[in-house]
Amino acid sequence: MGAAAIASPKPIVVATRGLKKTYFGKVETPVLHGIDIEVYAGEFVAIIGQSGSGKSTLLNILGALDVPTEGTVLIDGVDIATLSEDGLADLRNRVIGFVFQFHYLLNELSCLENVLTPITIARGEASEEEKSYVAALLDRVGLAEQIHKHPDAMSGGQNQRCAIIRALANQPKIVLADEPTGNLDSRSGNEVFNIMREMNREKGVAFIMVTHDDRLAQEADRILAIEDGWVNEVDKRAHRMKVLSSLSDS
Ligand code: ADP
Ligand code: MG
């Protein structure tokens, strides 16, 4: 480690430059017009925006699940356009964890086995150390009794907590979460969000979470809004006023 590392600020784990995305279907749909964002190590960033504004499109591109029409994505300092298919698969497996609105756990596997899949995909079999690491995390999020249950025997909130620990199993630097609470009632949604926030703080993993819920967005370190294909940083104090006034309306 050189002298530069001592004085340097937190590293940037996700950066985009001039990111554009147009879908070319029967009609041409321009979605992202030129997105420049930076996310620092250990940050929790919320992405908000109207339905259809391009939130999932952006998240999928950040996770190398889709390619931009133009522009650059740097993940952990690497321009992902330079990676081979194997390199991309490795990045998705080791550097990034994913959580979606639906948990996508495999019903044939127990909660613990599901959580271990990123490890077994990467290395064939999980070591005893890795097994105890994820078992401790499952315990930590209140799933100690559930580890041998299968997804269809667990509640929506339990499945989503299991999916979060699966996203963390390989100790990624970044978790991308696309409306992770969107399919849950508000109580389980809050629990799931709190777990993500705690894991973010404890493990120093950066989270980028798309949400419709302004109250949850308010709990993030920063809020980015996608509007008309562009991203704007939202002033959290102004956003707080909006949340408070919507609470007093209801
Ligand atoms: P959000 O997640 O903010 O609701 P999306 O990123 O899913 O928005 O979609 C943004 C826009 O792109 C929408 O108009 C949607 O219809 C369109 N879109 C998304 N995926 C595709 C696709 N695979 N092909 C064509 N259009 C798409
Ligand atoms: Mg979406």
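Listing for the model above:
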item: Check on Thr22, of a type in the set (S, T, N, Q), surrounded by fewer than 19 Cβ atoms within 10 Å (Cβ to Cβ), away from ligand 2 (no atom under 16 Å from the Cβ) and over 15 Å from the mean Cα position of the chain (by Cα); result: yes
item: Residues that are under 20 Å from Gly63 (Cβ atoms) and modelled with pLDDT of 95 or more, drawn from the stretch 183-194; result: Phe193
item: Residues of the stretch 48-105 that turn out to be among the small types (Gly, Ala, Ser) and more than 17 Å from the chain's Cα centre (by Cα), as a count; result: 8
item: Residues that are buried (at least 21 other Cβ atoms within 10 Å of the Cβ) and either under 23 Å from the mean Cα position of the chain (by Cα) or among the hydrophobic types (A, V, I, L, M, F, W, C) (or both), drawn from the stretch 139-150; result: Val141, Leu143
item: Count of residues meeting criterion [in a loop (DSSP other than H, G, I, E, B) and touching a Lys or Arg at 6+ places or on another chain (Cβ under 8 Å)] in the stretch 145-170; result: 1
item: In the stretch 58-83, the residues that are within 16 Å of ligand 2 (Cβ to nearest atom) and surrounded by fewer than 20 Cβ atoms within 10 Å (Cβ to Cβ); result: Asn60, Leu65, Asp66
item: Positions within the stretch 36-47 being within 12 Å of the chain's Cα centre (by Cα) and either farther than 18 Å from Phe98 by Cα or within 16 Å of ligand 1 (Cβ to nearest atom) (or both), in sequence order; result: Val45, Ala46, Ile47
item: Wholly within the stretch 179-250, helices (runs of 4 or more DSSP H) carrying at least 2 residues that are within 25 Å of Leu143 (Cα to Cα); result: 186-203
item: Top-ranked residue of the stretch 16-34 - restricted to ones that are within 12 Å of ligand 1 (Cβ to nearest atom) and among the aliphatic types (A, V, I, L, M), ranked as nearest to Ile208 (Cα to Cα); result: Leu32
item: Members of the stretch 217-230 found to be farther than 17 Å from Ile35 by Cβ and either at pLDDT below 95 or surrounded by fewer than 23 Cβ atoms within 10 Å (Cβ to Cβ) (or both), listed by number; result: Gln218, Glu219, Asp221
item: Some residue of the stretch 100-118 being within 16 Å of ligand 2 (Cβ to nearest atom), of a type in the set (Phe, Trp, Tyr), in contact with a Phe, Trp or Tyr (Cβ under 9 Å, 6 or more places away or on another chain) and closer than 30 Å to Asp235 by Cβ; result: no
item: Tabulated pairs, the stretch 238-250, first hydroxyl-bearing (Ser, Thr, Tyr), second surrounded by 10 or more Cβ atoms within 10 Å (Cβ to Cβ), C-beta under 7 angstrom, 6+ apart or interchain; result: Ser246/Asp214
item: Residues being among the polar types (S, T, N, Q) and in contact with a Gly (Cβ under 8 Å, 6 or more places away or on another chain) - total across the stretch 54-74; result: 1
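The values are calculated or read from the model by the stated rules, or taken from the named source; none is laboratory data. None of these values were measured; they are calculated from a predicted model. Cβ sites come from the backbone with ideal geometry, for glycine too, and all protein chains shown count toward neighbours.
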